[in-house]
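Let me begin by presenting the structure, written as structure tokens, before commenting on it.
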Amino acid sequence: MRVPADCVLIDGMDIVVDETMYGFGDSIPKQLSKDAENHLNNPDPFLLSRSLIKNGSGRAVVCAVGVHTRWFKENPVEDLEDDNEKTPLTVKLDLLASYIGNYSYVAGVVTFLILIIYLAMKIMISADEDDTILSNDTLRRMLRAFTTAITLIIVSVPEGLPLAVSLAMAFSVDYMKKDELLVKKMASVEGLGTVKDICTGKTATLTENDMRVRSYFVGGNTYDFGGPDSSSITPLNDTVRETLIDCIIKNTDARVEMGKGNYYEAQGNGTEVAMLRFLQDNEIFVHEKLA
């Protein structure tokens, strides 16, 4: 997630922040300033707005929001907002409209010249003496030819093309909602029209960072573990229990705190939390062992 405001970290574990937008680096650890001895190591408890949290969890006190944050101090609002920003499809439509407009001017001029030449030839071969170039009827025909050329130019300009494309994309977004796909920006629909390859993670899914132990290997055998309510739980003997407690609790930085519902919850790195939950599901009082 992205940090919404400038904050000071008051509680956290294994927090790593990407601050490349400030020029500081993409993997900066954040630590609390707990005491005088820890403070001498120059810990960095500050979270800057719009920086990206890559790992860990914690709590922070908000110090500045909106235009008072460091991001807005270094990047004024007028430099960040661009009301005239165009999407790739809009740029292509404008380019197409310019091509059509240029060709329509050429077509209008050519049409006008052809009509004038036709009118002059018709007057030259006409037997009527009143039919001359300077006659009123001839001037009306020339004006009609000019009007035809102007009309051709006007109707050739695709003014309704951007509106038609916007309506088509709006209907597409509404159709995607039926498949439980929420599109927040119309420009993303335009961009997907030019996508050839889509790269995903190894699981091709978006996860909630809520991992669980589903099987474990002990004594040369693999056992399935579906959770505390599962019927496939293999009871752990005393030796295995003590070994798991030593291996998990002594090699983890996660913690257990009192959560909602008056029961203890594991907090910290997702993998380490999953291991502590595994002990809790086996009725091992992790908070007492950690204490």
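The values are calculated or read from the model by the stated rules, or taken from the named source; none is laboratory data. Bear in mind that the values here come from a model prediction, so they are computed numbers and not experimental data. Please note: Cβ atoms are built from the backbone with ideal geometry, for glycine as well, and neighbour counts cover all protein chains shown.
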For this session: Scan region 140-175 for residues that are in contact (Cβ under 8 Å) with a residue 24 or more places away in the chain, within 16 Å of residue 114 (Cα to Cα) and of a type in the set (A, V, I, L, M, F, W, C) and report the count.
Result: 7
Problem set entry | Filtered residues of region 168-186 (kept if assigned to a helix (DSSP H, G or I) and among the β-branched types (Val, Ile, Thr)) | 173
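Among the residues of region 56-66, is any in a helix (DSSP H, G or I) and either among the small types (Gly, Ala, Ser) or modelled with pLDDT of 80 or more (or both)?
Taking region 56-66 first, the residues in a helix (DSSP H, G or I) are 66.
Now narrow it down to the ones that are either among the small types (Gly, Ala, Ser) or modelled with pLDDT of 80 or more (or both): 66.
Within region 56-66, one or more residues are in a helix (DSSP H, G or I) and either among the small types (Gly, Ala, Ser) or modelled with pLDDT of 80 or more (or both).
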Exercise. Exactly one of (1) at pLDDT 85 or above; (2) in contact with a helix residue (DSSP H, G or I) (Cβ under 8 Å, 6 or more places away or on another chain); (3) closer than 30 Å to residue 195 by Cβ; (4) not polar (S, T, N, Q) is unmet by residue 6. Its number?
Worked result: (3)
Problem set entry | Complete set of residues in region 45-55 that are touching an Asp or Glu at 6+ places or on another chain (Cβ under 9 Å), part of a loop (DSSP other than H, G, I, E, B) and under 21 Å from residue 34 (Cα atoms) | 48
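Here is a yes/no grid of residues against (1) at pLDDT 70 or above; (2) surrounded by 18 or more Cβ atoms within 10 Å (Cβ to Cβ):
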{"position": "242", "(1), (2)": "yes, no"}
{"position": "248", "(1), (2)": "yes, yes"}
{"position": "251", "(1), (2)": "yes, no"}
{"position": "254", "(1), (2)": "yes, yes"}
{"position": "261", "(1), (2)": "no, no"}
{"position": "276", "(1), (2)": "yes, yes"}
{"position": "286", "(1), (2)": "no, yes"}
{"position": "289", "(1), (2)": "no, no"}
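Among the residues that make up region 122-142, is at least one of them under 30 Å from residue 273 (Cα atoms), modelled with pLDDT of 70 or more, of a type outside the set (S, T, N, Q) and not in a helix (DSSP H, G or I)? Break it down into steps so the answer makes sense when it comes.
The first filter runs over region 122-142 and keeps only residues under 30 Å from residue 273 (Cα atoms), leaving none.
No; the residues of region 122-142 include none that is under 30 Å from residue 273 (Cα atoms), modelled with pLDDT of 70 or more, of a type outside the set (S, T, N, Q) and not in a helix (DSSP H, G or I).
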